[in-house]
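These notes concern the structure reproduced below.
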Amino acid sequence: MSRPQMKLGAFLMAGGHHIAAWRHPDAHAQAGSDIDHFIQLARIAERGKFDMIFIEDAAAIRERNPDLASQAARSTAFEPLSLLAAIAVNTSHIGLVATASTSYTEPYGLARSFAALDQLSGGRAGWNLVTSASELEAENFASSGLRPHSERYERAEEFADAALALWDSVEEGAYLPPDGKAFADRSKLHPVHRHRKHFAVDGILESQRSPQGRPIMVQAGASDVGKDLAARTADVVFAASQTKAEAQAYYADVKARLAKYGRGHDDLKVMPGISPIIGATEDEAKAKYRALQDLIPDAVGVALLASYLSIQDLSAYPLDGPLPEMPQTNLIQSRQQLIVDLGKREGLSIRELARHFAGARGHWQVVGTPSQVADAMEERFLDSAADGFNVMAPLFPSGLEDFVTLVVPELRRRGLFRKEYEGRTLRENLGVASPNKG
Amino acid sequence: MLLGYSLSPFGHDPDAWRQARDGRLLGFDALLGQVAAAEAAGFDFVLLSDRLGLRSSDDLSSVAVPFEPTLFASALATRASRIGIIAAASTVQHEPYNLARRFASLDLISKGRAGWLVVTDDSDAGRESEYVDVVTALWDSFEDDAFLYDKTAGRFFDPSKMHVAHHKGPYFSVRGPLNVNRSPQGRPLVAHLLGDSNKALAARTGDLLLLQAETADGLVTAAAHAVKAVEAAGRSRRGIRLLANIVPIIVSGSQGTDDASGFPGYDQAIRIAGTTGEITDQLLELAAAAGLDGFTIFPPTLEMGQRFISEIAPELRQRGMTGPNAGTTLRDRLGLARWVHPSGLGEEILR
């Protein structure tokens, strides 16, 4: 295989990524609370030799208004680490990436949880570090409200360093040493003593050494500090980019930051989201897309758009008019800008933007035949817009099944994707450096 | 008689690893093997203890499970299909919202077999009490029939059956609702290891109370105190299950109990030594004397765990003390009623 190899993640979500997926006639409406459904999805992705599955998270219900919340299947979900621990012992090769917040957990508990997932999976765990931007999450953890963007990142920086230090506090072979004198070989345990602004961490991690050195670090930060944190600590970044030019600019920006942390171009994989809607013909794909879009209630779509824009309410503005002017907020600045830019560029109304974002939630959408989808991916992969993709099927399991049986063989024919896993750990399959070897 | 099995990689004796020095015993497959054997022998639950509890420490424990217990429990739930799974989790290591999510998720993943062993920080009873109340209130975020899955109407759940806790107390401020579906058991089982400092909390909130004493007399006294505390909390003895922790030391007929002297004492369990028949007799006597519903065994070594499973469990069955259990959830297995949502009783969800 002389061509560079694309990395693939399967971003799993109950009945599907489309906001109205659960209402589709083919959908399993109770998918979000059915563990067997998720194990089935992980096995489909593993059959397709995906590098990883990915689970997003919010430590709160996502909508304050009970009437709107009650219309969205995403209002309830499994806690991601619990879900992936269950999947870990029912799969053998696929990587398992869970989202967890640095704002509402502590380094020791989080590092220990990911170490457990790593042990249970034989070295396939990954942590998607998020700082959490929603007020609803903040209200589940304190009365002080959401911390400002800069303070969240300051805490995240310190958190990431503490977690990495804890994972490195135990060497390979620290337990049951061959001399048999003690249960632990103390020369292989390196207690952490860090007392910084946000956290005090003392002791070793109560776990054996990770089979992959340490869990894979994933981030999706798109702000300036977020990209620096990713360049310094992450193995993978996810990104939401609509156009190829945006994706290329993001790719170049993040890769350019690696050198100042002494890292090489390939030490960090950039994997933007793609929402593929696949049909045997282009017409069939478009019909599938329309059938899903028609299921979006306007109120739900507009509320979702408002939440992406971090504004209280859009319902005061005419549905068929443009977005109002708005100030930049403390929240997810990058996604907000992406929506405003798209609205202006294509002259979209609030209703049109709402449907557009409700469908793929801000990610790149490709509607077409397997070869058209492979063409689009190949183009961005070869033109330095992506090292791989996080695949967001609109409907589960059918959208993932379609991708694995139709698009994956097409990518393989072009020499762009593996036929077999390279190794057993996520780190080996991603081909990123192990901390053991510097 | 109810039976629980406390899981550890080598056995609960701190020196047990010396007899079984095999790193594979720290892995998931070996631990699953122990659980599968306990399940096949009719045990009602496995207890995943966590030495860590309150603080980080200097090395991995040889006597507690080697992974974070709530995640280990999730993995186990998909590979052992009948046995209940009670995981220890500290009120210090997790925020109440995060802990409530873990156990609510575990109850869905295990299809109703989850229990939380509450590990408290004894220094502040007020915080511990509020913590447990917040967790249980979050578990009642949705009524039993809240989820409609009505595709045509576009209604996933009935918003009038969602309850937002809006909790503001001296220690925690938690809005809610929990973003996890209603538990198959109504809510996960709550277990406490009974000690002096947590007795009131355990009596008020526990479904399962685990008694620790070093002598038979001590056990009888501890059980009487536990029942008194439960009744003082306004609850019925019939609404809880009382089990004693025991360390079984099984000797063959010709050895005599002197051979048991190699095993040290344990402060969380009473040692019961003898032949299969003698131990079985003692369990029946203890259960009758202290008014117990059963026992949780803490095997000092893997061999003792295996012998309890292959010798004493069948003996108890033969004497009619245990039998087939048709219960599918942990509460069913323990003979406890499904948790009723407080809205059905006309109560507010946070007391």
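The values are calculated or read from the model by the stated rules, or taken from the named source; none is laboratory data. Since this is a predicted model, take the numbers as computed values, not measurements. Using ideal geometry, Cβ is built from the backbone for each residue, glycine included, and neighbour counts are taken over all protein chains shown. To get the accessible areas, we keep the full protein, side chains included, count just its heavy atoms, and leave off ligands, DNA and RNA. Shrake-Rupley method; radii C 1.70, N 1.55, O 1.52, S 1.80 Å.
Here are some notes:
- Restricting B:72, B:67 to those that are within 7 Å of chain A (Cβ to nearest Cβ), open to solvent by less than 10 Å² (accessible area, probe 1.4 Å) and either touching a Lys or Arg at 6+ places or on another chain (Cβ under 7 Å) or modelled with pLDDT under 95 (or both) reduces the list to B:67.
- From the list A:26, A:51, the lone residue that is farther than 24 Å from residue B:106 by Cα and open to solvent by less than 20 Å² (accessible area, probe 1.4 Å) is A:51.
- Residue in the stretch A:58-77 that is under 15 Å from the mean Cα position of the chain (by Cα) and more than 9 Å from chain B (Cβ to nearest Cβ) present: no
- Residue-level check: of (1) within 12 Å of chain B (Cβ to nearest Cβ); (2) not in a loop (DSSP other than H, G, I, E, B), residue A:206 misses just (2).
- Scan the stretch A:122-147 for residues that are more than 9 Å from every other protein chain (Cβ to nearest Cβ) and of a type in the set (S, T, N, Q) and the total you get is 4.
- Residue count for the stretch A:391-405 satisfying the condition of being β-branched (Val, Ile, Thr) and closer than 14 Å to residue A:40 by Cβ: 1.
- Leading residue by the ranking (surrounded by the most Cβ atoms within 10 Å (Cβ to Cβ)) among those in the stretch B:194-215 that are assigned to a loop (DSSP other than H, G, I, E, B) and among the hydroxyl-bearing types (Ser, Thr, Tyr): B:197
- Those strands (runs of 3 or more DSSP E) lying entirely in the stretch B:96-168 with at least 1 residues more than 9 Å from chain A (Cβ to nearest Cβ) and buried (at least 24 other Cβ atoms within 10 Å of the Cβ): B:114-119
- Every residue from the stretch A:153-177 that is within 10 Å of chain B (Cβ to nearest Cβ), in a loop (DSSP other than H, G, I, E, B) and touching an Asp or Glu at 6+ places or on another chain (Cβ under 9 Å): A:173, A:174, A:176, A:177
- Every residue from the stretch A:1-14 that is open to solvent by less than 10 Å² (accessible area, probe 1.4 Å) and either over 17 Å from the mean Cα position of the chain (by Cα) or more than 14 Å from residue A:393 (Cα to Cα) (or both): A:6
- Qualifying residue in the stretch B:216-223 (condition: assigned to a loop (DSSP other than H, G, I, E, B) and of a type in the set (Asp, Glu)): no
- Identity of the residue in the stretch A:27-49, among the aliphatic types (A, V, I, L, M) and within 12 Å of another protein chain (Cβ to nearest Cβ), that ends up nearest to residue A:13 (Cα to Cα): A:31
- Residue within the stretch B:308-330 that is of a type in the set (Gly, Ala, Ser), under 21 Å from residue B:7 (Cβ atoms), at pLDDT below 95 and touching a helix residue (DSSP H, G or I) at 6+ places or on another chain (Cβ under 9 Å) present: yes
- Test for residue A:341: is it of a type in the set (Asp, Glu), at pLDDT 90 or above and either within 27 Å of residue A:295 (Cβ to Cβ) or open to solvent by 20 Å² or more (accessible area, probe 1.4 Å) (or both): no
- Scanning the stretch A:29-43 for residues that are of a type outside the set (Val, Ile, Thr) and either part of a helix (DSSP H, G or I) or touching a residue at least 24 places away in the same chain (Cβ under 8 Å) (or both) yields A:29, A:31, A:32, A:33, A:36, A:37, A:38, A:40, A:41, A:42, A:43.
- Selection status of residue B:78, in contact with a helix residue (DSSP H, G or I) (Cβ under 8 Å, 6 or more places away or on another chain) and within 11 Å of chain A (Cβ to nearest Cβ): yes
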